[in-house]
Amino acid sequence: MSGLLRICTAGSVDDGKSTLIGRLLYDSRGVYEDQVRSVRAASRNRTAGPIDFSLFTDGLRAEREQGITIDVAYRYFATARRKFILADTPGHEQYTRNMATGASTADVAILLVDARHGVREQTERHARIARLLGISTFVLAVNKMDLVDFDRAVFDRIHGEFARLVDGAAVHAIPLSALDGDNVIAPSARTPWFSGPSLLSYLESVELDRTSDNSAFRLPVQLVLRPTHDFRGYAGRIASGRIRAGDTITVWPSGLTTRIARIVTWDGDLDEAFAPMSVTLALEDEVDVSRGDVLARGPIHVSRRFAANVVWMDERPLDPGRPYLLKHTTRTVAAEVDRPLKLNDIGPITVTTATPIVFDGYRDNRTTGSFVLIDPSTNFTAGAGMIAHALDEQAESSNQTSASARIAQAARSAATDAEAAETVRLMLEEILT
Amino acid sequence: MHGTFVDEPPAAADVRLDHLRALEAESIHIIREVVAEFERPVMLYSIGKDSSVLLRLAQKAFHPAPIPFPLLHIDTTYKFREMIEFRDRYAAEIGARLIVHTNDEAIADGTQPFAVGTQRCCGLLKTKALLDALQDGGFDAAFGGARRDEERSRAKERIFSLRDARGQWDPKRQRPELWHLLNSRIRPGESIRVFPLSNWTEIDVWHYIHAEQIPVVPLYFAKERLVIVRGNSLIVPEQPFVPLHKDERLELVKCRMRSLGCSPCTGAVRSDADTVPQIIEELVAARHSERQLRIIDHDQDGSMELKKREGYF
Ligand SMILES: Nc1nc2c(ncn2[C@@H]2O[C@H](COP(=O)(O)OP(=O)(O)O)[C@@H](O)[C@H]2O)c(=O)[nH]1
């Protein structure tokens, strides 16, 4: 749905991110007003005023100065062409977690660089996280160009360095002055050598990666709706692809095949539905379907073991000796991993789940390829995972302790340790349900 | 690139449609997740426009089944009469189960904003009443219509907002939310507030009301009303205790409400907008944030953040 563009931003402290976002929010609102017959069409000089645009983006600066919570903040702006959801991720301390959170749903990442400093180590890390989270479209905002006399050579050098970092991604570099407004909303006369669109024009017109529209149909079942005995519908959000009434689908993990009888919505039955719509499907045959199952077309993986990249977001390290809860689409299962990770680590690990999950690789599908790890003793969302590929279930190496051995071990310490007792309860619950 | 903006702009309602459908699908997904993973959800129903949208989304989420949870209205007894009429009529019309809760003890003690101050009044009639009602009902998840664009402390609010046993919010304990994966794990006594409209703006809400023809309280539409003109605010004197200051008198002013609350503390704005498209146009032009006229948000710096910590939405 091209009417909505999700963006995440990242930059190092003082690169001018608050100023840039403030200006986007403020000036785009001006643009929107003008277009939808504004009252104050005249007498505006957007690039001159002594407005401190960073004030628009609330207390992030203040927070930083006071050393209190730093967190992702969401901002909204719109033009007549698009609505934008911007995840503003502060670039330090918890940046890995914030950046991953912002990037997880973003279509485009804007990375800010101070023209005087060029690409820095932190820019590299931000780009790496964004790439890992599946972002393939970048805006490289080379800011504070006014402080380098709008020198084209400076811009070209930074652009070249950055392009090498994100090999294979689309990079749109823009020379900016967030403070003065150059190339933010309208092209600047101070960069005659730059022929590309302004930042806002670019965001308004950028074509999104449409692979999810063309990829195979997937719908993780959220709920079974049974208002009367003659109706049974499976409610969920289409993760990818499209479906028509009459199409053949397979229910996973059971592997049973049936056809779509009806696509039911409050607004009436549909002939066709596509991602990311929320619908209710009625099936032709009475097959057994419950929450956590996936209705799909085309090949899909069903496995208890897979390789994944995990971003660790908890102070308490990921511990291969403990079970975690893994939430994937609409299914939550107990899981174990093969190696530790510390806060802000990003690493490839092997995950083994108590019961099989139905998935795609993250590269192919951000919804059926992603999961979170929840620490059962704190309930914190401690890890964010992207599935790389399935692994052979039989290949569990013998030097790894089995789940049952681990339950036994946990049970031994459960008598004195409330947390261990909770772990045992969870593991058993998982097996018994 | 100036050309981008001189193109004939599409009519406002058209361009919104496809992003509205994307927002709608996301909200329905959230509402369904809560019903699947919590034992006793409830939907806070404030009678305002955001609640009206939330209610429509709930109808859509479970169709053809009925909404599987009750609505809860915290009645301070100082809401506009038109709001209460609308509430009772609409809930009956759509067949929703409605729970109304009032802090009767505080009312009996004479609690009202001019007697105890707005902070204490809100604390007793809204926050305490809400926490009591949630506890009485044993609800572990409460849907609210709050949006992140409303106020600065909400820009960082999660979709699932974790509350401790006393309903309080701790910004440091909120969990990261990646993709559309929502963590429903809570301990006994804890609960969550759920905000399915997190990513909607005020204008999105109105566009959706327009596209869906959702009924809203007539107070949102401009008409001539008898009000007290007090500085920039227009107060509708429905409650007998609202004092008329020296030099003030009742005036007939064409006005409407941008947000609905208790009549003594919610100012009207001068307006001619008496249809939804006119309201949208007025909003697009407006420089004022929506909550500017709700006195409660100004009684203290960062007051919304404080209220949230105490258990208010
Ligand atoms: N000269 C110049 N200064 C800028 C520009 N953008 C931001 N600044 C200044 O750089 C400082 C840091 O900006 P701010 O937006 O707070 O940075 P943040 O830490 O990335 O959010 C402030 O003093 C801004 O006024 C720019 O384009 N040119």
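The values are calculated or read from the model by the stated rules, or taken from the named source; none is laboratory data. These numbers were taken from a predicted model, which means no experiment stands behind them. All Cβ positions, even for glycine, are placed from backbone atoms using ideal geometry, and neighbour counts span all protein chains on display. In case anyone asks, the SASA skips ligands and DNA or RNA and just uses the protein heavy atoms, side chains included. Shrake-Rupley method; radii C 1.70, N 1.55, O 1.52, S 1.80 Å.
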field: Karplus-derived HN-Hα couplings along region B:57-69 (A = 6.51, B = -1.76, C = 1.60, θ = phi - 60°), whole Hz, x at Gly and Pro
entry: 5, 5, 4, 5, 4, 10, 3, x, 7, x, 4, x, 9
statement: Computed from the beta carbon distance with a Förster radius of 45 Å, FRET efficiency for A:Ser136 and A:Leu256 to the nearest 0.05 stands at 0.80
task: Just the number, please: carbon plus sulfur as a percent of the accessible area of region A:219-269, 1.4 Å probe, no ligands or DNA/RNA counted.
output: 47
statement: Expected vector for region B:244-260, Karplus 3J(HN,Hα) from phi with 6.51, -1.76, 1.60 and θ = phi - 60°, integer Hz, x for Gly and Pro, equals 9, 6, 4, 6, 9, 8, 7, 10, 8, 10, 7, 8, 8, 9, 8, 9, 9
query: Can you list the residues, at least 5 places off or on another chain, whose amide H is less than 5 Å from the amide H of A:Gly16, using H built in the peptide plane?
result: none
- line: Among beta bridges assigned by DSSP with both residues in region A:89-239, the antiparallel ones amount in percent, to the nearest 5, to 30
field: Three principal axis lengths of region A:218-296 [C-alpha, angstrom, descending]
entry: 29, 29, 21
query: Rounded to the nearest 0.05, what FRET efficiency do A:Ser195 and B:Asp109 have when you use their Cβ-Cβ distance and R0 = 56 Å?
result: 0.20
query: For region A:301-395, what is the charge dipole size about the Cα centre, in debye to the nearest 20, if Lys and Arg each add +1 at the Cβ and Asp and Glu each add -1 at the Cβ?
result: 140
Near-label residues of region A:262-284 by backbone N, under 19 Å of a point 7 Å along Cα→Cβ of B:Ala211: A:264-280
Shape of region B:71-216, Cα gyration tensor, a/c cut at 1.5: oblate
message: Through the Karplus equation 6.51 cos²θ - 1.76 cosθ + 1.60, θ set to phi - 60°, convert the phi angles of region B:265-275 into ³J(HN,Hα) values in whole Hz; use x for Gly and Pro.
response: 10, 10, x, 8, 10, 5, 6, 10, 6, 10, 9
- line: Here the residues of region B:165-196 lying in the modelled label zone of A:Glu315, meaning backbone nitrogen under 18 Å from a point 7 Å along Cα-to-Cβ, are B:170-176
task: From other protein chains only, count the Cβ atoms within 10 Å of every residue's Cβ in A:195-205, then give the mean.
output: 2
query: Given the Cα-Cα distance of A:Thr378 and A:Asp271 and 0.36 nm per residue of separation, how much length would full extension add, in nm?
result: 34.0 nm
statement: Put A:Lys327, B:Lys126, B:Lys246 in order of accessible area, largest first, probe 1.4 Å, and you get B:Lys246, B:Lys126, A:Lys327
- prompt: Taking the simple approach of a point 7 Å from Cα along Cα-to-Cβ for both B:Glu251 and A:Ala169, what is their distance in nm?
  reply: 5.6
query: With each label point set 7 Å from Cα along the Cα-Cβ vector, what nm distance links B:Glu190 and A:Arg244?
result: 4.8
query: Beyond 22 Å, what percent of the Cα pairs of region B:217-297 remain?
result: 20
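What does the structure give for B:23-33 when I average, per residue, the other chain Cβ atoms found within 10 Å of the residue Cβ?
Going residue by residue through B:23-33 and averaging, the value is 5.
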- prompt: When you count, for each residue, the other Cβ atoms within 10 Å and take the mean per peptide, how do A:99-109, B:200-210, A:283-293, A:306-316 rank with the highest first?
  reply: A:99-109, B:200-210, A:306-316, A:283-293
query: Taking the Cα-to-Cβ direction at A:Leu343 and at B:Arg166 and moving 7 Å from each Cα, how far apart do the two end points lie in nm?
result: 2.6
task: Kindly list the residues of region B:66-89 that lie in the label zone of B:Asp136, defined by a backbone N under 11 Å from the point 7 Å along the Cα-to-C-beta vector.
output: B:73-75
